[in-house]
Each structure stands twice: as C-alpha cells, then as structure tokens.
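Worksheet: one structure, shown below.
The values are calculated or read from the model by the stated rules, or taken from the named source; none is laboratory data. Since the structure is predicted, the reported quantities are computational estimates derived from the model, not experimental observations. Please note: Cβ atoms are built from the backbone with ideal geometry, for glycine as well, and neighbour counts cover all protein chains shown. For the accessible areas, the whole protein counts, side chains as well, though only heavy atoms, and no ligand, DNA or RNA atoms are used. Shrake-Rupley method; radii C 1.70, N 1.55, O 1.52, S 1.80 Å.
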Amino acid sequence: MSAKLINGKEIREDILEELGRETLALKEKTGKVPGLVTILVGENPASISYVTSKIKTAKSLGFKEVQDTQSIDISEVDLLSLVDKYNHDDTINGILVQLPLPSHIDEKKVLNAIDPDKDVDGFHPVNVGRLMIGGDEVKFPPCTPAGIMELIVRAGVETEGAEAVVVGRSNIVGKPIANMLVQKGPGANATVTIVHTRTKNLADHCRRADILVVAAGVPDLVKPEWIKPGACVIDVGVNRVGEKISEKTGRKIALLKGDVDFDKAKEIAGFITPVPGGVGPMTITMLMRNTLNSFKYSNNIPV
Ligand code: GUN
C-alpha cells in the first residue's frame, strides 16, 4: 500500500479526549455541563443504533444526555411542541431529531422548528446560511463535512490552491463540504468542483483532483484509473453489500463498502480513508464538538 491511511477511529479518540478534558474544565468553571437531547421517532433499527452511539458518546464525555423516544404514531403537531419544549429548556444546548422521520411528518418543518442556536446537526437554513458566509459566522458546521475537514487537516493534506472535486450534491455532505473547502482560511482555500449524476465526463473531473471527496452512495463508483497519483481520497460512502460474522462478537453484522474501490485505489492515492473506520467515526465526534460549542456560546465562553 502506498497511500497513507487516514484513520478516523484514531483521530476520533484524540478529539474525544480533548472534548472530555474541556467538558471537565468547564464544569469546574461554571458548575454546569453541556446538554444534548436526542429525539427518536419509531423503531428504525439503523436509527436506534445511531442514537445509541450518540448517547453513549455524550455520556462518556460527561454531558447531560436526554433520550426522548416517541412512538411512530406521534403527530406532527405533538413533535413540533416537543421540539419547542427543548428550545426553551436552559439545560439543553443541542437538539437532535434523528432522521428519517415517518412519512406523515414533514421533516423540513421539524428541522426548521429547532432553535438555530441549538441546531447541533447544522441542518437549519440559518446555519446553512452561516456556513455559506463562512468565517466567524459559522456556529454549527454539519457533522459529516466537519469531520472530513478535520481528517484532511489532521492528516496534513495541503488544501491551499488544491483542486478539490466533490462527487455528490446532497445537502448533508456534498454541498456543505464543497462550501467549506472553498472558504478563505487555513485548511481550505481550495478550487472546488461539484460533480453529480448529470455531470458529463465524471472520470475526467476526478482525474484532476488533488482532493477527491466521494459521497455518491454507489459502491465502487470511483475506479482506480480515475485517481490522480498522490491524491487525497475521502470516501464518504457507506453501502451495505451483504452480511458477515463479526470476529469480536460472533454475530452477523453488515458488510460495508465505500464508493471507491479501496484495494486498488490505495496503491495510487497519497492519502485515503477506509470504509468502515474513516469518515464514519467522525460524524458523532463533531456532533459532540458542536454541542460543547453551543454550551460555550450560551455561557459567553470564547470558542
Ligand atoms: N440520520 C442519519 N444521519 C443523521 C444525522 O447526522 N443527523 C440526524 N439528525 N439524523 C441522521
């Protein structure tokens, strides 16, 4: 393997340690801790698994963690008033409504009802706008793109003047990561192209990329010959392609594959993230950082 492996699990542990230390120091200083509520509607197994990890991580940092599980039948009106309750709860700094929501509920309406100053997912239009402006306007960068930026910076990848190509234009990953890479400032200043399903000559664009971020949701979409030798390849894809038996627990677990043909790509790229263990571990970590920052904003502590 010639590429340097960007190990999201290791970077996660470093950041969580930093956040844990800071939480303890803030508790000593203010007598309070950051509070996060996770609202889960229904029993979608993937959502339960995500929320369980979020709760576990928040607790491990010493946050106040409220798990609010609601029946799949909850009405939109009742969910909106639940969000409003937490908007007015001074012990709660971050509100996370786990997606997807059942089809009878308008997801956009619910996300837009979250107080933008508690929107630690960074999905509210006010926070999307703040991200677009950049600099010190940004309060809550969305968690997956924020995690990608952290991986790029901590791995020592040069972004200044780099050609960055983002594959995928979702609101959660593609658009915000492109926006972050193009901003002024260290760890950014890249020249960014977004490519998507209607782009002509996808391969040609990818071949130009010094930094290639792939968030398409298509297993093995990016072929090894599309990768510029020495490029930094960030694979955001988490595609379930089957099942395997866990070596640790002996139980069946999902077999995951990224959007990049990792085994071949790692021989060409300069840096590469694995799937699993690359971008994945960073999302919850950045949620914790946003929650801690929200606590700081509301207590007038510099971030
Ligand atoms: N469902 C899957 N990923 C996410 C996420 O990052 N935030 C929320 N709220 N729901 C999700």
Could you sort the peptides 35-47, 185-197 by per-residue average Cβ neighbour count (10 Å cutoff), highest mean leading?
35-47, 185-197
³J(HN,Hα) across the range 40-46 via Karplus (A = 6.51, B = -1.76, C = 1.60, θ = phi - 60°), whole Hz, x for Gly/Pro?
10, 10, x, 10, 4, x, 5
Okay, helix-only estimate at 222 nm for the chain: each DSSP H run of n ≥ 4 adds -39500 (n - 2.57), divide by all residues, round to 500 deg cm²/dmol; what do you get?
-12000 deg cm²/dmol
Where a Cα-Cα gap under 18 Å defines reach, which aspartates and glutamates qualify for K257, not counting those fewer than 8 residues away within the same chain?
D220, D235, E243, E247, E267
If you take every DSSP beta bridge whose two residues both sit in the range 25-122, what share of them, in percent to the nearest 5, is antiparallel?
0
Kirkwood Rh and Cα-based Rg: tell me the resulting Rg over Rh for the range 173-303, rounded to two decimals.
1.04
Got a sec to turn the phi values of the range 296-303 into Karplus ³J(HN,Hα) couplings, 6.51 cos²θ - 1.76 cosθ + 1.60 with θ = phi - 60°, whole Hz, x for Gly and Pro?
5, 4, 6, 10, 6, 9, x, 9
Packing-wise, with mean Cβ within 10 Å as the measure, how do 54-60, 273-279 rank, highest first?
273-279, 54-60
Give me, ordered by chain and number, the residues 5 or more places off D259 or on other chains with an amide H under 5 Å from its own placed amide H.
D220, V236, G237
Bin all alpha-carbon pair distances of the range 1-136 at 10 Å intervals from 0 and give each bin's fraction as a whole percent.
11, 34, 35, 17, 3, 0
Cross-link reach list, aspartates and glutamates versus K64, counting only Cα pairs under 18 Å and skipping chain neighbours closer than eight places
E17, E18, E22, E28, D89, D90, D117, D119, D121
Between K264 and E13, Cβ-based FRET efficiency (R0 25 Å, step 0.05) works out to 0.30
Contour excess over end-to-end distance, with Cα ends at S75 and D89 and 0.36 nm allotted per residue
2.9 nm
Could you give the radius of gyration (one decimal) and Dmax (whole number) of the Cα atoms in the range 258-303, in Å?
16.8, 49
HN-Hα J couplings of the range 134-141 from phi, Karplus 6.51/-1.76/1.60, θ = phi - 60°, integer Hz, Gly and Pro as x?
x, x, 7, 6, 6, 9, 10, x
Given the Cα atoms of the chain, and with Rh set as the inverse mean 1/r over their pairs in the Kirkwood sense, what is Rg to Rh to two decimals?
0.97
Given the whole protein assembly as supplied and a 1.4 Å probe, what does the accessible area of H88 come to in Å², nearest 10?
130
Over the Cα atoms of the range 75-202, how large are the radius of gyration and the largest Cα-Cα distance (Dmax), in Å?
16.7, 52
Heavy-atom accessible surface of the chain: percent carbon and sulfur, 1.4 Å:
52
Ranked from the most accessible area to the least, with a 1.4 Å probe and all protein chains present, what is the order of L26, L202, L255?
L255, L202, L26
Using a 1.4 angstrom probe, figure out how much accessible area the chain has per residue, in square angstrom, rounded to the nearest whole.
49
